[in-house]
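Below is one structure, written out as structure tokens; comments come after it.
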Amino acid sequence: MAKYDPLRDYLRRQKLDEFELTFAEMERKIGYMLPKSAGRPQWWANAADSDTTHVQRRAWGDAGFDAFLIVGADRVRFRRLPSKEAVS
């Protein structure tokens, strides 16, 4: 199991297209504290590169979401990506 798989699995189960989670809520789901770098927007940047080495980005991307840090609030807004069927 990869480090952020519990977050990915949680996101996959969500019905809402957009919602927020606090750092504390995410830490409870993954079982450990987020790194200090999670307080920077770059850590939450949405990478389109499938070869990214940033495992946290792969977790929400594989679940079909983009993530956006709410600076200074220790919270993140997750927004569902448009499905490929809806785009075509």
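This table checks each residue for (1) at pLDDT below 95; (2) assigned to a loop (DSSP other than H, G, I, E, B); (3) on the phi < 0 side of the Ramachandran plot.
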position: LEU11; (1), (2), (3): no, no, yes
position: GLN14; (1), (2), (3): no, yes, yes
position: MET33; (1), (2), (3): no, yes, yes
position: TRP43; (1), (2), (3): yes, no, yes
position: ASN46; (1), (2), (3): yes, yes, yes
position: ASP51; (1), (2), (3): yes, yes, yes
position: PHE68; (1), (2), (3): no, no, yes
Inset, instruction - Sort out which residues of region 15-48 are in contact (Cβ under 8 Å) with a residue 40 or more places away in the chain and surrounded by 15 or more Cβ atoms within 10 Å (Cβ to Cβ), and write them in order of number. - result: LEU21, PHE23, MET26
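Would you check which residues across region 61-84 are aliphatic (A, V, I, L, M) and open to solvent by less than 40 Å² (accessible area, probe 1.4 Å) and list them?
As a first pass, look at region 61-84 and keep what is aliphatic (A, V, I, L, M): 63, 67, 69-71, 73, 76, 81.
Within region 61-84, ALA63, ALA67, LEU69, VAL76 meet the criteria.
The values are calculated or read from the model by the stated rules, or taken from the named source; none is laboratory data. Predicted model only: the values in this text are computed from it and were never measured. Virtual Cβ from ideal backbone geometry, glycine too; neighbours counted across all protein chains shown. Ligands, DNA and RNA are stripped out before the accessible areas are found, and what is left, the full protein with its side chains, is counted by its heavy atoms. Shrake-Rupley method; radii C 1.70, N 1.55, O 1.52, S 1.80 Å.
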